[in-house]
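Participant: First the structure, then my questions, so here it is.
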Amino acid sequence: ILPVLSRAPVRYRIGLRGIGRHRTRSAATVGGVALAIILVLVSWGMIDTVENLLDRNFNQISLEDANVVLNTTVGEPEVALVEAAPGVSDAEPVIGVSVSARGPDGTYASQLEAYRSDTVVHGFDTAQGGLPADGVVVGKALGPEIGVSLGDDVELSFPTLGTTFTTTIAGFVDEPLGTLVYMDQAAFQRSMSAADPPVPPEVLAEPSISLIKAVFDEGADRAEAINTVEALEPVAVVVDTRGLYEMFQDFLGFFYAFVGIMLAFGAVMAFALIFNTISVNVAEREGEYATMRANGLSQRKLASLITGENLLLTALGIIPGLIVGYAAAAVFMQSYSSDMFAFNLDMNTSTLVFSSLAMLAVALLSVLPAIRTVRRLDIAKVVRERSA
């Protein structure tokens, strides 16, 4: 098949020939290595996806450090008061109200959040890099739920306010947690003033509808900043959103332990398969190895021959294992997705590299007992037995 190999040194050709001598066993080893790396990738892919999901949600989308709920209407003086507190770098009023979005295929209950056009407390991966001047931006899962696409009209009903208005789908966002409806604050206030019945801006400023999202100074003492803001007269409560991020990470401890067990099973599976294959090969070929030693082949070269043959088998199993493992991890993570949670596989490239290196390391570890067995061969005894 590869003529160039006919000019390779004999010791290399012997290693390649060893793979083809027992094709069923070699195929079983390759398949076993592939299954082991699939198990590793599915497990490691879960860790990568959850970590990247949380990082994206709390460090790229929800950028606020705290939500400040007031006991009075939310206006510019209150926002300025919070922003002036020590440790706070930015503060913005945000409107949040329950909404039902109606389209041709049905209705979807969600939450509408209205931000300033130049907001720094929320990140939007839209074409404009922010919120459009008109229309709404919605989570991508909402489109199929109610049968709307970009540019379509959608009817928004607000049960707590008893009003309705129609607007346009101006964009979609891909957010991992929740399927929300977003709107520019000025556009939302205009739409509510023109709604049926209209809702005046002062109603939207009520503390049950509006709150203040604050961003802290880099390196600021979070606990001290929160206590300072809580001490302000119009403040009712402060919710530490970064604390939620840390709480999520703490809760993942059991999850990491579970995935760690799966990773250990993958490593043990690979070790057992490779070790058994090598042990059987060495037992069957003791005579060959002894003859090679008797003919002057050094122990080091013989060890490299055995190692090379089994590393090649492992490499042959790694390639399909990476392909199928990535696909299996994607399907596995997608099974957890819903309209509220988008668990799309987000595997780091380093995971693929380290998984491959780990399999090769397991293969090297599995070869050591076989090499020790070959070094202890009684060459004279084996040669005499073969002669007999």
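The values are calculated or read from the model by the stated rules, or taken from the named source; none is laboratory data. Since the structure is predicted, the reported quantities are computational estimates derived from the model, not experimental observations. Because the Cβ atoms are built from the backbone with ideal geometry, glycine has one as well, and the counts that use them run over all protein chains shown. Surface areas here come from the heavy atoms of the whole protein model, side chains and all, with no ligands, DNA or RNA. Shrake-Rupley method; radii C 1.70, N 1.55, O 1.52, S 1.80 Å.
Participant: Estimate the FRET efficiency between Ser193 and Leu357 by the formula 1/(1 + (r/R0)^6), using the beta-carbon distance for r and 56 Å for R0, to the nearest 0.05.
Facilitator: 0.35
Participant: So what is the accessible area of the stretch 65-218 per residue, in Å², with the probe set to 1.4 Å? Intermediate values should be presented prior to the final figure.
Facilitator: On the way: 6300 Å² over 154 residues.
Here the residues of the stretch 65-218 average 41 Å² of exposed surface.
Participant: List the aspartates and glutamates whose Cα sits under 16 Å from the Cα of Lys381, skipping any in the same chain fewer than 8 residues away.
Facilitator: Glu284, Glu286, Glu288
Participant: Continuing with this model, one more query. Using the per-residue mean of other Cβ atoms lying within 10 Å as a proxy for protection, in what order, highest first, do the peptides 30-43, 297-310, 181-194 fall?
Facilitator: Order by mean packing, descending: 30-43, 181-194, 297-310.
Participant: Applying a 10 Å radius around every beta-carbon, put 246-255, 276-285 in order of their mean neighbour count, most first.
Facilitator: So the order, starting with the most tightly packed, is 276-285, 246-255.
Participant: Between Ala66 and residues 5 or more places away or on another chain, which pairs have amide H atoms under 5 Å apart, with H built 1.01 Å from N, and which residues are they?
Facilitator: Ala214, Thr241
Participant: Could I ask something else about it? State the three equivalent ellipsoid semi-axes of the stretch 211-252, derived from the C-alpha gyration tensor as the square roots of 5 times its eigenvalues, in descending order and whole Å.
Facilitator: That gives 21, 13, 9 Å for the three semi-axes.
Participant: Mind listing the phi-derived Karplus ³J(HN,Hα) values for the stretch 111-123, rounded to whole Hz, using 6.51, -1.76 and 1.60 with θ = phi - 60°, and x for any glycine or proline?
Facilitator: 10, 9, 10, 10, 10, 5, 5, 9, 4, 10, 9, 8, x
Participant: Across the stretch 75-83, in residue order, what do the Karplus-derived ³J(HN,Hα) couplings come to in whole Hz, using 6.51 cos²θ - 1.76 cosθ + 1.60 with θ = phi - 60° and x for Gly and Pro?
Facilitator: Couplings: x, 4, x, 5, 5, 5, 5, 5, 5 Hz.
Participant: Would you kindly compute the Cα radius of gyration of the chain and its largest Cα-Cα separation (Dmax), both in Å?
Facilitator: Here Rg and the maximum Cα pair distance are 31.8, 105 Å.
Participant: As an exercise, use a Förster radius of 51 Å and the Cβ-Cβ distance of Val239 and Ala28 to find the FRET efficiency, rounded to the nearest 0.05.
Facilitator: 0.35
Participant: Given axes a ≥ b ≥ c from the Cα gyration tensor, I'd like to know whether the stretch 263-321 is rounded (a/c under 1.5), prolate (a/b larger than b/c) or oblate.
Facilitator: Because a/c hits 1.5 or more and a/b exceeds b/c, the stretch 263-321 counts as prolate.
Participant: Right, another one. For Glu83, project a label point 7 Å along Cα to C-beta. Then give me every residue of the stretch 115-136 with its amide nitrogen under 13 Å of that point.
Facilitator: Correct set: 116-121.
Participant: Continuing with the same structure: Regarding the stretch 1-105, what's the average projected area of the Cα-atom convex hull, expressed in nm²?
Facilitator: Result: a mean projected hull area of 18.0 nm².
Participant: Still on this structure, please answer the following. Which whole number in µm²/s is D for the stretch 60-111 by Stokes-Einstein, with the Kirkwood Rh taken over Cα pairs at 20 °C and 1.002 mPa s?
Facilitator: Taking Rh from Cα pairs, D becomes 156 µm²/s.
Participant: Two decimals, Cα atoms only, Kirkwood Rh: what is Rg/Rh over the stretch 227-278?
Facilitator: Ratio of gyration radius to Kirkwood radius: 1.53.
Participant: Averaged across orientations, what area in nm² does the convex hull of the alpha carbons in the stretch 184-250 project? The partial results should precede the final answer.
Facilitator: Details: hull surface 26.9 nm².
Computed as one quarter of the Cα hull surface, the answer is 6.7 nm².
Participant: Separate question: Compute the helix-to-body angle for 10-21: its Cα long axis versus the longest principal axis of the chain, expressed 0 to 90° and rounded to tens.
Facilitator: Its long axis makes an angle of about 70 degrees.
Participant: So, one more: Percent of accessible area on the chain owned by carbon and sulfur, 1.4 Å probe?
Facilitator: Heavy-atom surface of the chain belonging to carbon and sulfur, 1.4 Å probe: 60 percent.
Participant: Using amide H atoms built 1.01 Å from N in the peptide plane, name the residues 5+ places from Ala85, or on other chains, whose amide H lies under 5 Å from its own.
Facilitator: The list, which skips near neighbours in sequence, is empty: none.
Participant: Expected output is a single nm value to one decimal: the length gained when fully extending between Ala257 and Thr291, i.e. 0.36 nm times separation in residues minus the C-alpha distance. What is it?
Facilitator: 7.3 nm
Participant: Normalized C-alpha radius of gyration of the stretch 173-302, against 2.2 N^0.38 Å? Before the final figure, lay out each step's value.
Facilitator: Details: Rg = 33.0 Å, N = 130, 2.2 N^0.38 = 14.0 Å.
Cα-based Rg divided by the globular estimate yields 2.36.
Participant: Heavy-atom accessible area per residue, the stretch 285-330, 1.4 Å probe: how many Å²?
Facilitator: Result: 45 Å² per residue.
Participant: Follow-up question, since we're still on this one. Quick one: Karplus J couplings for the stretch 68-74, per residue in order, coefficients 6.51, -1.76, 1.60, θ = phi - 60°, nearest Hz, x for Gly and Pro?
Facilitator: 10, 9, 9, 9, 9, 4, 8
Participant: Shifting gears a bit: For an R0 of 30 angstrom, estimate the FRET efficiency from the Cβ-Cβ distance between Asn348 and Thr126 and round to the nearest 0.05.
Facilitator: Here the calculated transfer efficiency is 0.70.
Participant: While we're here: Show which aspartates and glutamates lie in cross-link reach of Lys140 when reach means a straight Cα distance below 16 angstrom and same-chain residues fewer than eight apart are skipped.
Facilitator: List returned: Asp105, Glu113, Asp125, Asp152, Asp153, Asp174, Glu175, Asp339.
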